[in-house]
Structures are given as C-alpha cells and as structure tokens.
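The values are calculated or read from the model by the stated rules, or taken from the named source; none is laboratory data. Bear in mind that the values here come from a model prediction, so they are computed numbers and not experimental data. Heads up, the Cβs are rebuilt from the backbone with ideal geometry, glycines too, and the neighbour counts pull from every protein chain shown. Just so you know, the surface numbers come from the protein's heavy atoms only, side chains and all, with ligands and any DNA or RNA stripped out. Shrake-Rupley method; radii C 1.70, N 1.55, O 1.52, S 1.80 Å.
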Amino acid sequence: MAKERIDKLIASQGKYSRSQVKDLVRKGMVRVNGERIRASDHKADPDEDQIQISSQRLQFKKHLYIMLNKPKGVVSATEDRRMKTVLDLLPEALRRRNLFPAGRLDRDTEGFVLITDDGEFAHRILSPKNHIPKTYEAEIDGPVDDELIRRFHQGVSLGGDTLCRPAELRILRDAEHPYVQITICEGMYHQIKRMFEAFGRRVLALKRVRMGALALDDALKPGECRELTPNEVGLICMKRL
Ligand code: URA
C-alpha cells in the first residue's frame, strides 16, 4: 500500500472515526514504528510501518465487507439526489471511501445487501458464470404449485432471448398468498418479479435472506449492519445449489 495520512488510514479500518483518530493523536496515543506521532497528517504505510494505538498493534484489513439488512424505501446505490441510499445507513465509523453495494435490490425489496470496497470480490460473486446462489423469500398473489416449481427449475423465459438459468422454488407456507423461497444464480433487472409475472403472478413482498452459504443475520433489524468475519466472507463464495 502507498503511504497515507494516519487519520485516514486508521479511520479506514472502521473502528474509529477520523475525528476520534485526530483526538487520539492529540493525546499522544498513536505510535508509528514505536515513535509517538503528533500530527494527524503524518504519513504511514501499513504494509511497512508498525502502527499502534495505546501500545496495541493495528492489524490492517485491505478490504471491508459489511452485511446490511436493507429496509424498504432505500435505494441500492452509492448516491441519490432524492432517496436515502444503502450507504447512508452505515454508521460514520464504517463509512469509508469507495464502498458500494455488491449487487442491487429493488427499492421495495428488503434484506441482505453486501457492501464492500473489494471490486474483484463483488465481480466474483455477481457474475452468473460463477453460479453463486442468492436466496429470497417472497409473498405471491396467486397459487404456487408443482407445475410452477418445475417450470422455474427448467429456466423461465422472460421474453425475447432472455432465458433465466434454473431456479429453485419451494413453498414455505401455502395460503391464499403463498410464502415461497426462491434461489437464483443471476441478478437480472427485477428478475424474480419478472419470473413470476411470466406466469401471471405478482410478487407482493420480497426479501433476500442468503448469499452463497451465508444467511442474513437474524439479529440485524431492518436498517442495521455489521462487519463480516473472514470466515463469513468465505461462505458467500460457496455454492449450495
Ligand atoms: N429480483 C427482483 O425482482 N427484485 C430484487 O430486488 C431482487 C431480485
């Protein structure tokens, strides 16, 4: 890594905000290679320099991976002139330059959004070639039967040349408005809504509950987020289909 200002560098790790780091520097609690530093614009390279706060060595993470439980009414974008974005929901300490949502959920869809600054990883999990499954739960306005399950498994045609890859559809609760689970390996525009529309059904509610083998953390209320452990990041790349 190239040398960067120490306040920016430490804040990029998510634990302290930039102003908190400035405060730590002012109080003489930050050391670079054993030397107490006095200016927040002091430059350091985490690959070469040893950085400590109150004698504790910082282990620098190259990238950040955040699980967000997106509520309805928020857009999966980095900025928007009118609407709240998924990045607006992150606490100050996790707001780091170049974060973006890896894949989009519709404004009215809830659930698991991965936010990262690792473009290569995002590409890997989103590329349909890699078959990383994304699992959703949905409420449907009409009947779901074995025939529909079979058709989803065969691959739904969305008209023209657009043919979806095989999807797994399961009924979780049969009712007038059945509650289903659906797993797809692509992320076409409004894909699940369009797949049901192809059979004259409407999706009344949609929530993403899993990416790869990593489930949305039940403890996260809509609008809440947390950093993922390296083990959890690895689970996203695992195929379950
Ligand atoms: N499919 C949809 O139709 N909408 C989403 O937000 C995600 C998948």
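Here are the numbers:
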quantity	calculated
Entries in 22/61; 129/239; 61/207; 193/221; 15/61 that, when Cα-Cα distance is taken, lie over 22 Å	61/207; 193/221
About the Cα centre, charge dipole magnitude for segment 152-230 (Lys/Arg +1, Asp/Glu -1 at Cβ), debye	120 debye
Share of carbon and sulfur in the accessible heavy-atom surface of the chain [1.4 Å probe, %]	45 percent
Aspartates and glutamates with Cα under 18 Å of residue 27, excluding same-chain neighbours fewer than 8 positions away	7, 35, 41
Rounded to the nearest 10 Å², the accessible area of residue 55 at probe 1.4 Å	90 Å²
Size of charge dipole - the chain - debye, nearest 20, with Cβ of Lys, Arg +1 and Asp, Glu -1, no other charges	800 debye
Loop-located trypsin sites (Lys or Arg not before Pro) in segment 82-161, at most 11 other Cβ atoms within 10 Å (DSSP)	82, 97
Neighbour-limited loop hits for chymotrypsin sites (Phe, Trp or Tyr not before Pro), segment 48-140 (at most 16 other Cβ within 10 Å; DSSP other than H, G, I, E, B)	60
Given 13 as the ceiling on other Cβ atoms within 10 Å, longest exposed-site-free region of the chain for GluC sites (Glu not before Pro) in DSSP loops	80-175
Residue 157 long-range amide H proximity, modeled H, under 5 Å	164
For segment 158-224 and segment 98-116, distance of Cα centres in Å	15 Å
Selection from 19, 109, 157 lying farthest towards where the dipole of the chain points positive, charges on Cβ	19
